[in-house]
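Below is one structure, written out as structure tokens; the observations come after it.
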């Protein structure tokens, strides 16, 4: 039960961070998705089912706050949690969190999330829908993977410290 309370608090803090501070980190109009990094973290540590449920809850909260295309973040974050959950291995959790594998899982989940998100969101654009969708998806996915380096370094340090004991 304590895990769910801490997870809920972390989601609320990350949602506040995503909507207030992260827009100042915009590069070319692209923003990293720290909520998606949290969904990937849950997928690697807790498994596919919990990541899918977390993705749904995070997406629903994000939709309620942003009020752009209601339900789109819910759908895409749920799918991203489902995809990231395939990389759950109970025996390799700490190694995955503290290595490049976490970055690759985040990159893949973010790409799947963004292709679906921008594929639906940019549907009304007449000019080269496919190229715009891929451009946005790749840029946001790379930026999100770059930001996921920070939690990865935290887990590297934590994992190495626990190995030395």
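The values are calculated or read from the model by the stated rules, or taken from the named source; none is laboratory data. Every value quoted in this text rests on a predicted model; they were computed, and no experiment measured them. Note that each Cβ is placed from the backbone with ideal geometry, even for glycine, and that neighbours are counted across all protein chains shown.
For region 55-91, which positions are closer than 14 Å to residue 7 by Cβ and surrounded by fewer than 24 Cβ atoms within 10 Å (Cβ to Cβ)? Answer for region 55-91, where residues must be closer than 14 Å to residue 7 by Cβ and surrounded by fewer than 24 Cβ atoms within 10 Å (Cβ to Cβ): 56, 57, 61. So is residue 75 more than 24 Å from residue 29 (Cβ to Cβ) and modelled with pLDDT of 90 or more or not? Answer is no for this residue. Being in contact (Cβ under 8 Å) with a residue 12 or more places away in the chain and surrounded by 17 or more Cβ atoms within 10 Å (Cβ to Cβ) is the requirement here; does residue 39 meet it? Yes, satisfied. Can you spot a residue in region 93-110 that is more than 23 Å from residue 3 (Cβ to Cβ) and touching a residue at least 60 places away in the same chain (Cβ under 8 Å)? Within region 93-110 (the criterion being more than 23 Å from residue 3 (Cβ to Cβ) and touching a residue at least 60 places away in the same chain (Cβ under 8 Å)), the answer is yes, since at least one residue qualifies.
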